[in-house]
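Notes to accompany the following structure.
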Amino acid sequence: MKSRTAGSFATAILGFMLWGNSALAQEAYPSKTIQMVVTTAAGGALDLVARTLAERLSEQMKQPVIIENNPAGNGSVAAGQFARATPDGHTLMMVVDSTITINPHLYKNVSYDPFRDFAPISVVTRLPLVLVVSAESKLDNLSSLLARAKADPGKLTYASTGLGTHLHIGMELFKLMTKTDILHVPYRATTGAMADLMGGRIDMILIGQSSAKSQVDAGKLRALGIASAERSSLMPTTPTIAESGVPGYEASSMFAILAPATTPPAIIERLAQEVKKASTHEKFIAALAPQGMEIIASTPAEMDKAMKETSKKWGDVITATGTTINQ
């Protein structure tokens with residue numbers, strides 16, 4: 001009896017100490033500049049989200065938040081380095097979810113496990129993708145695109161901004177679901193892909209709503225469908241791809257923030273609360289909503305669930321298509 005009592009007392013003391021240490025960590029945090037690693041180049045959609053969030057976090061948490069862009073290997077290089085970062089909440093990572101939900105299935109050698117090495121904080125925003133063609137294209141709608149693709153297998157082409165991006169794997173899902181053969185032409189950057197699309201050298205591209213809308217409004221591109229469950233308030237006349245003949249088709253980019261895996265739970269919760277607070281600020285909304293961003297600001301548990309579901313979805317597509325990158 002005395003042994004059990006002593007054991008229970010020791011467990012209670014240990015629990016109290018852990019709780020105390022967690023509370024102290026939260027109270028003292030942040031104690032210095034926060035570094036935010038961004039897994040894409042400066043000037044893109046993720047970079048915009050990261051810088052907008054960094055500005056709000058810096059103001060709310062009374063510490064500078066600096067951005068470090070490292071886009072190599074579709075974010076894999078930065079993610080591998082980040083997995084070894086000090087888990088004290090002063091080094092964070094902003095990713096397009098392809099880094100954590102596509103890369104581990106696609107690359108033969110990835111130096112991180114997103115579910116072992118990272119602690120989810122929040123899905124900050126989501127950006128639906130839009131399937132577009134040149135305004136001069138004879139492909140007037142999704143039906144005509146599908147008819148042409150089935151009549152001439154392998155003749156139509158689609159662009160992406162690189163292997164493993166949502167623009168690539170999202171179109172591979174489209175091909176699977178429509179049983180079509182459309183040739184993939186990867187580019188290094190959006191500018192080259194869009195220039196060739198508008199010049200008629202490429203037939204189509206699946207791209208973020210923010211990039212699509214500006215060119216559609218300028219009369220340079222034609223939107224055939226948006227890859228979301230519902231129509232967008234920014235492009236209300238554009239039908240969803242699902243309603244246009246591909247039921248269940250969805251493809252979007254999640255922009256999320258993570259910490260190293262063993263970061264104290266109190267710090268993770270504090271950061272999630274700060275992201276939620278930032279997401280309601282008028283400057284945050286004004287910077288991102290007009291770009292077609294759906295502001296999410298999820299909890300860590302919600303992000304964990306989204307990561308697992310999305311990882312399975314894209315993993316199944318990659319397995320079905322046999323797509324790999326020998327790196």
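All but one of (1) assigned to a helix (DSSP H, G or I); (2) among the basic types (Lys, Arg); (3) modelled with pLDDT under 95 hold for Arg148, so report the exception by its number. Condition not satisfied by Arg148: (3).
Considering only residues of the stretch 151-161 that are assigned to a loop (DSSP other than H, G, I, E, B) and crowded, with 17+ Cβ neighbours inside 10 Å, which is farthest from the chain's Cα centre (by Cα)?
Restricting attention to the stretch 151-161, the residues satisfying the condition of being assigned to a loop (DSSP other than H, G, I, E, B) are 152-156, 161.
The next check asks that each one be crowded, with 17+ Cβ neighbours inside 10 Å; those that pass are 156, 161.
Details: Leu156: 27, Thr161: 14 Å.
The extreme case among them is Leu156.
Among the candidates Gly164, Gly219, which residue alone is farther than 22 Å from Glu243 by Cβ, surrounded by 14 or more Cβ atoms within 10 Å (Cβ to Cβ) and outside the structural domain of Asp316 (by TED's automatic domain parsing)? Outline the logic, then answer.
Numbers: Gly219 fails: surrounded by 14 or more Cβ atoms within 10 Å (Cβ to Cβ).
Just a single option satisfies the conditions, and that option is Gly164.
Among the residues of the stretch 68-114, which ones are among the aromatic types (Phe, Trp, Tyr) and touching a residue at least 40 places away in the same chain (Cβ under 8 Å)? Within the stretch 68-114, Phe82, Tyr107 qualify. Hey, any hits in the stretch 259-266 for a residue that's out of contact with any Ser or Thr (no Cβ under 6 Å at 6 or more places or on another chain), in contact (Cβ under 8 Å) with a residue 40 or more places away in the chain and more than 30 Å from Phe118 (Cβ to Cβ)? No, there is no match, as no residue in the stretch 259-266 is out of contact with any Ser or Thr (no Cβ under 6 Å at 6 or more places or on another chain), in contact (Cβ under 8 Å) with a residue 40 or more places away in the chain and more than 30 Å from Phe118 (Cβ to Cβ). Filtering Val124, Val110, Val95 for residues that are touching a Gly at 6+ places or on another chain (Cβ under 8 Å), outside any loop (DSSP other than H, G, I, E, B) and under 29 Å from Met293 (Cβ atoms) leaves a single hit, Val95. Can you tell me which residues in the stretch 70-87 are in contact with an Asp or Glu (Cβ under 9 Å, 6 or more places away or on another chain) and outside any helix (DSSP H, G or I)? Correct list: Ala83, Arg84. Filtering the stretch 116-154 to residues that are over 24 Å from Ala242 (Cβ atoms) and out of contact with any strand residue (DSSP E or B) (no Cβ under 8 Å at 6 or more places or on another chain) leaves Arg116, Glu136, Asp152. The set of residues from the stretch 301-325 being touching a strand residue (DSSP E or B) at 6+ places or on another chain (Cβ under 6 Å), outside any strand (DSSP E or B) and surrounded by fewer than 19 Cβ atoms within 10 Å (Cβ to Cβ) comprises just one member, Asp304.
Filtering Glu59, Glu136 for residues that are under 29 Å from Ala286 (Cβ atoms) and surrounded by fewer than 16 Cβ atoms within 10 Å (Cβ to Cβ) leaves a single hit, Glu59. Within the stretch 264-275, the set of residues being closer than 14 Å to Met303 by Cβ, surrounded by 19 or more Cβ atoms within 10 Å (Cβ to Cβ) and more than 18 Å from the chain's Cα centre (by Cα) comprises Ile268, Leu271. Among the residues making up the stretch 140-195, those that are farther than 30 Å from Gly75 by Cα and either acidic (Asp, Glu) or touching a His at 6+ places or on another chain (Cβ under 8 Å) (or both) are Asp140, Asp152. Do we find a residue being more than 17 Å from Gly248 (Cα to Cα) and either in contact (Cβ under 8 Å) with a residue 24 or more places away in the chain or assigned to a loop (DSSP other than H, G, I, E, B) (or both) anywhere in the stretch 174-181? Yes: the stretch 174-181 contains one or more residues that are more than 17 Å from Gly248 (Cα to Cα) and either in contact (Cβ under 8 Å) with a residue 24 or more places away in the chain or assigned to a loop (DSSP other than H, G, I, E, B) (or both).
Residues that are assigned by TED's automatic domain parsing to the domain that holds Val37, β-branched (Val, Ile, Thr), modelled with pLDDT of 95 or more and surrounded by 16 or more Cβ atoms within 10 Å (Cβ to Cβ) are absent from the stretch 68-89 altogether.
Summed over the stretch 243-263, residues that are closer than 28 Å to Ser134 by Cβ, surrounded by fewer than 19 Cβ atoms within 10 Å (Cβ to Cβ) and over 21 Å from the mean Cα position of the chain (by Cα) total 3.
The values are calculated or read from the model by the stated rules, or taken from the named source; none is laboratory data. Only a predicted model underlies this, so the values are computations on that prediction, with no experimental measurement involved. All Cβ positions, glycine included, derive from the backbone under ideal geometry; neighbour counts span all protein chains shown.
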